[in-house]
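Reading through the structure tokens given below for one structure.
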Amino acid sequence: MKNKKKGLLYLFIILAVTGLCTFTTLVGFTDAHRGSAQNIKLGLDLAGGVSITYQAVKDNPTDTEMRDTIAMMQDRAEVYSTESSVVQEGNNRISIDIPGVENADEVLESLGKEGTLDFVAADDMKFDDAGNPEYTKVVCSGKHVKNAEAGTQQDEITKNKEYVVELSFNAKGTKKFAQATAEAYPSRKQIYIVYDGKVLSAPAVQAEITDGKAVISGSFQTYAEADELASMIRIGALPVELKEIQSQVVGAQLGQDAINTSLLAGAIGFGLVVLFMVIFYRLPGLASSIALVFYLVVMLVALNVLDITLTLPGVAGIILNIGMAVDANVIIFTRIKEELRAGKSVQSSIKIGFDKALSAIVDGNVTTLIAAVVLYAKGSGTVKGFATTLALGIVLSMFTSLVITKLILNAMYSLGVDDVKYFGVEKERKQINFIGNKAKFFAISGVMVAACIVMLVVNNARDGHILNYGLDFMGGTTYDIPFSDSQKIDADFKKEIENIFMEESGSNDVVIAEVAGANELTIKTVELSEEQRKNLTSTISSKYSIEEDSIQIQSISASVSDEMKSDAIIAVVIAAICMLIYIWFRFKDIIFAGSAVLALLHDVVCVLLVYAAARISVGNTFIACMLTIVGYSINATIVIFDRIRENLGTRTSSEALEGIVNDSITQTLTRSINTSLTTFFMVVMLAILGVESVRDFAIPLLAGIICGAYSSVCITGTLWYTIKKAASKKKADEKSSSKAEMKKA
């Protein structure tokens, strides 16, 4: 029975909340509190931030000292933003870029302090209500530590290998530590290790330590955990003192043009998505479009409230979320149209459609959410920023799809919009023989994988690198160039400077940022030879009447450190394992899980081929692009596997299983095509309208969307069938062999 008042109330509330959030996001209520979208923290690539350069006071610091100092400064900089970048310049300088901060003095005082490391006896330790340590007396401090290294030893009881941290103290520290352990040992009390107000470890004293050599054991699951604590202890004891030699506010690395064109591309892409949904799905498409607007404005509010720094990789996460939000609606609407074809009423079709779509939506989103959580926990910098926006978007997109869209549809139905013509009926599709063409599909994929391997080998032989690694991965050269006050620095001038650097360096990887409050540019490019540096300096000096001595040149290390690379790889591996376990648990079949992971590898290899063949610069966005493809692809795979699971019934032959797989892929084909198209609309506009750096990000993403659609339709189901059939045959052969042996006996 229809309840028009209730339907009208629901519709009014949703539209009112959407309108209010839109107004709050875009306009705001007062001049002092403008729209929340204008208050979102943008990363250094989108809006600039603070750039600070430190120099070691100590002459000729060692590589280990500089490496530990960089680790310390990275931790401190990430207090302001997880997207902060810390790189080494030359032998004794450290450059730190912190996005979303406009006042350099705001961060200088705390950022450049020497770390404080204290050893505190349990009797002298207290904690406040927030759990922060409070003490006035210390056993010894970081200056008493001679060294700290991770190591291994044999557990005296279990005889198993365990990971430990080995400490050594100087003469004064040995004496102090001996006295403290003598007092703590009888009661096995703890000695707390506190770094910058945070408890790193609290080992219990198991013996009096009089020789200045201690071992921390019992709490490390991996060598990396022990090494991390050892590094933090070394940092606290680091003799390197830093002095600030330069601090400045820099403009957006991608430039205002990149921001404007990206916003325009996003708006056009979103408009195309809305238009497509309304034309193809009619009334449900209109409902989903309203829900998508709700999702976007709430997402912007959440980014502002949670103080998340948004960078280009973060934008990738939002794009993926829009695709997944549309995907959930497409799954639901396809189910509704199927029920209408079966002769169900509109009201029943809406209810059943949402019920049947629930498992695919939940499994797809939870699988991607698992990846986001792992990436956030194990990743750093760009990876963590991507994971944050992805996880937030998943939660919001699920809510808008399963709750807001449903409320809007039911409200419209209650208001009398109940004719089948407003919803459409899913046409009966003739079964497509995907299984019969599996050899062709596998051959195509095999050729693409082989082509990727060949391109990587060719690139390595030609350039010494399998990919065209950019500044983020290889480091390079930075120029600080002050221009005369009469020189106007605008987009055309920056393009002119960019062309000069590109021509001399032979690389398109040039990043230009303005220095706020000064007529100065900071330019980063690939590593240049001495001759190239001289030519560039001479060209700039003569062309713009600048004294050569005023142009500062430094070599910079990679902003994506080896640790960040390994963290990203480890995070992806752990995420893949967690997804495999979840799919195995939900589908009760390890073959589903294995097929999904193999399909993921297939898509990653295909995107890698695009990077290798097109020589697209590999930087921070490369990691984000690969992670985006992983999230997008697994979601599409889950939808098809969910339909196979639903269609699996009693089967007595491989022919029946073949029909089930073909039917399942055919039934979800519309969803696969439409979801790919809507996501394609968003990204293709970035590729068409975006500046070169944005285009270098969008093109591989487009390739990933196409490969993801291909693999989900042509590879995953057929691969599952092939492995399933082989496993069944092996089981049958073993059973026959067993029977034969019994008869023989």
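Report, by residue number, each residue of region 492-521 that is closer than 22 Å to SER545 by Cβ, assigned to a helix (DSSP H, G or I) and touching a strand residue (DSSP E or B) at 6+ places or on another chain (Cβ under 7 Å).
Result: LYS494, ILE497, GLU498, PHE501.
Please go through region 132-160 and give me each residue that is out of contact with any helix residue (DSSP H, G or I) (no Cβ under 9 Å at 6 or more places or on another chain), at pLDDT below 85 and not hydrophobic (A, V, I, L, M, F, W, C), ordered by number. Outline the logic, then answer.
Step one: filter region 132-160 for residues out of contact with any helix residue (DSSP H, G or I) (no Cβ under 9 Å at 6 or more places or on another chain), giving 132-134, 153-160.
Right, trim to at pLDDT below 85 and you get 154-160.
Those that are out of contact with any helix residue (DSSP H, G or I) (no Cβ under 9 Å at 6 or more places or on another chain), at pLDDT below 85 and not hydrophobic (A, V, I, L, M, F, W, C): GLN154, ASP155, GLU156, THR158, LYS159, ASN160.
Would you point out which residue out of ASP418, ASP355, ASP363 is open to solvent by 60 Å² or more (accessible area, probe 1.4 Å), out of contact with any Gly (no Cβ under 9 Å at 6 or more places or on another chain) and acidic (Asp, Glu)?
Details: ASP418 fails: open to solvent by 60 Å² or more (accessible area, probe 1.4 Å); ASP363 fails: open to solvent by 60 Å² or more (accessible area, probe 1.4 Å).
Testing whether each residue is open to solvent by 60 Å² or more (accessible area, probe 1.4 Å), out of contact with any Gly (no Cβ under 9 Å at 6 or more places or on another chain) and acidic (Asp, Glu) leaves just ASP355.
If a residue must be part of a helix (DSSP H, G or I), open to solvent by 20 Å² or more (accessible area, probe 1.4 Å), farther than 30 Å from LYS494 by Cβ and modelled with pLDDT under 75, how many such residues does region 232-271 contain?
Residues meeting the conditions: 1.
Does region 353-366 include one or more residues that are among the aromatic types (Phe, Trp, Tyr), modelled with pLDDT of 80 or more and more than 16 Å from PHE587 (Cα to Cα)? Let's see the steps before the verdict.
Taking region 353-366 and keeping what is among the aromatic types (Phe, Trp, Tyr), we get 354.
Next cut, modelled with pLDDT of 80 or more only: 354.
Subset that is more than 16 Å from PHE587 (Cα to Cα): 354.
For region 353-366, residues among the aromatic types (Phe, Trp, Tyr), modelled with pLDDT of 80 or more and more than 16 Å from PHE587 (Cα to Cα): present.
How many residues does region 436-485 hold that are assigned to a loop (DSSP other than H, G, I, E, B) and open to solvent by 50 Å² or more (accessible area, probe 1.4 Å)? I'd like the intermediate steps shown before the answer.
To start, the set of residues in region 436-485 that are assigned to a loop (DSSP other than H, G, I, E, B) comprises 464-468, 470, 475, 483-485.
Now restrict to residues that are open to solvent by 50 Å² or more (accessible area, probe 1.4 Å): 465-466, 468, 484-485.
Qualifying residue count, region 436-485: 5.
Of all residues in region 422-435 being part of a loop (DSSP other than H, G, I, E, B) and buried (at least 19 other Cβ atoms within 10 Å of the Cβ), which is modelled with the lowest pLDDT?
Of all residues in region 422-435, those part of a loop (DSSP other than H, G, I, E, B) come to 423-434.
Filter once more, so that each one left must be buried (at least 19 other Cβ atoms within 10 Å of the Cβ): 423, 434.
On the way: PHE423: 82, PHE434: 92.
Here the residue is PHE423.
Just to be sure before I move on: is ASP490 open to solvent by 70 Å² or more (accessible area, probe 1.4 Å) and more than 30 Å from ASN662 (Cβ to Cβ) in the structure I sent? Steps first, please.
On the way: open to solvent by 70 Å² or more (accessible area, probe 1.4 Å): no; more than 30 Å from ASN662 (Cβ to Cβ): yes.
It is false that ASP490 is open to solvent by 70 Å² or more (accessible area, probe 1.4 Å) and more than 30 Å from ASN662 (Cβ to Cβ).
Any residue in region 23-36 that is modelled with pLDDT of 75 or more, part of a helix (DSSP H, G or I) and either open to solvent by 80 Å² or more (accessible area, probe 1.4 Å) or touching a Phe, Trp or Tyr at 6+ places or on another chain (Cβ under 7 Å) (or both)?
Going through region 23-36, the residues modelled with pLDDT of 75 or more turn out to be 23.
Then keep just the ones that are part of a helix (DSSP H, G or I); that gives 23.
With the extra rule that they be either open to solvent by 80 Å² or more (accessible area, probe 1.4 Å) or touching a Phe, Trp or Tyr at 6+ places or on another chain (Cβ under 7 Å) (or both), the set shrinks to 23.
The answer is yes; a qualifying residue exists.
Which condition does SER542 not pass, out of (1) small (Gly, Ala, Ser); (2) at pLDDT 85 or above; (3) not in a helix (DSSP H, G or I), if it passes all the others?
Only one criterion in (1) small (Gly, Ala, Ser); (2) at pLDDT 85 or above; (3) not in a helix (DSSP H, G or I) is unmet by SER542, namely (3).
Any idea which of (1) touching a strand residue (DSSP E or B) at 6+ places or on another chain (Cβ under 9 Å); (2) modelled with pLDDT of 80 or more; (3) part of a loop (DSSP other than H, G, I, E, B) is the one ASN91 doesn't satisfy?
Going through (1) touching a strand residue (DSSP E or B) at 6+ places or on another chain (Cβ under 9 Å); (2) modelled with pLDDT of 80 or more; (3) part of a loop (DSSP other than H, G, I, E, B) one by one, ASN91 breaks only (2).
Say we look at region 150-179 and pick out the residues that are of a type in the set (Ser, Thr, Tyr) and free of Cβ contacts under 8 Å to residues at least 40 places away in the same chain; which of these is nearest to ALA121 (Cα to Cα)? Don't jump to the end; show me each part of the working.
Start the filter on region 150-179 by keeping residues that are of a type in the set (Ser, Thr, Tyr), which leaves 152, 158, 163, 168, 174.
Narrowing further to those that are free of Cβ contacts under 8 Å to residues at least 40 places away in the same chain: 158, 174.
Details: THR158: 29, THR174: 15 Å.
Per the stated criteria, the residue is THR174.
Going by the structure shown, is SER541 surrounded by fewer than 20 Cβ atoms within 10 Å (Cβ to Cβ), farther than 21 Å from SER51 by Cα and touching a residue at least 40 places away in the same chain (Cβ under 8 Å)?
Working: surrounded by fewer than 20 Cβ atoms within 10 Å (Cβ to Cβ): yes; farther than 21 Å from SER51 by Cα: yes; touching a residue at least 40 places away in the same chain (Cβ under 8 Å): no.
Considered against the rule, which asks whether it is surrounded by fewer than 20 Cβ atoms within 10 Å (Cβ to Cβ), farther than 21 Å from SER51 by Cα and touching a residue at least 40 places away in the same chain (Cβ under 8 Å), SER541 comes out as no.
Given ALA596, ALA571, which one is open to solvent by less than 40 Å² (accessible area, probe 1.4 Å), at pLDDT below 85 and closer than 23 Å to CYS452 by Cβ? So that I can check it myself, show each step before the final result.
Values: ALA596 fails: at pLDDT below 85.
Among ALA596, ALA571, only ALA571 is open to solvent by less than 40 Å² (accessible area, probe 1.4 Å), at pLDDT below 85 and closer than 23 Å to CYS452 by Cβ.
Residues that are open to solvent by less than 30 Å² (accessible area, probe 1.4 Å) and among the β-branched types (Val, Ile, Thr), at least 1 per element: which strands (runs of 3 or more DSSP E) completely within region 116-209 meet that?
On the way: elements: 117-121, 145-154, 161-169, 191-195, 198-201.
Correct list: 117-121, 145-154, 161-169, 191-195.
Consider LYS488 against the criteria (1) in a loop (DSSP other than H, G, I, E, B); (2) over 25 Å from ILE616 (Cβ atoms); (3) at pLDDT below 85: it satisfies all of them except one. Which criterion is unmet?
(3)
Can you tell me which residues in region 522-538 are of a type outside the set (A, V, I, L, M, F, W, C) and either open to solvent by less than 30 Å² (accessible area, probe 1.4 Å) or not in a helix (DSSP H, G or I) (or both)? Outline the logic, then answer.
So in region 522-538, the residues of a type outside the set (A, V, I, L, M, F, W, C) come out as 522, 524-525, 527, 529-535, 537-538.
Those that are of a type outside the set (A, V, I, L, M, F, W, C) and either open to solvent by less than 30 Å² (accessible area, probe 1.4 Å) or not in a helix (DSSP H, G or I) (or both): THR522, LYS524, THR525, GLU527, SER529, THR537.
Here's a check for you: in region 612-638, which residue that is open to solvent by less than 10 Å² (accessible area, probe 1.4 Å), assigned to a helix (DSSP H, G or I) and hydrophobic (A, V, I, L, M, F, W, C) is nearest to LYS356 (Cα to Cα)?
Among those that are open to solvent by less than 10 Å² (accessible area, probe 1.4 Å), assigned to a helix (DSSP H, G or I) and hydrophobic (A, V, I, L, M, F, W, C), it is ILE638.
Report the residue count in region 100-116 for those that are farther than 30 Å from VAL138 by Cβ and either modelled with pLDDT of 75 or more or of a type in the set (Val, Ile, Thr) (or both).
1
The values are calculated or read from the model by the stated rules, or taken from the named source; none is laboratory data. In this text, all values refer to a predicted model and were calculated from it rather than measured experimentally. Note that each Cβ is placed from the backbone with ideal geometry, even for glycine, and that neighbours are counted across all protein chains shown. Remember, those area values only see protein heavy atoms, side chains included, never the ligands or the DNA or RNA. Shrake-Rupley method; radii C 1.70, N 1.55, O 1.52, S 1.80 Å.
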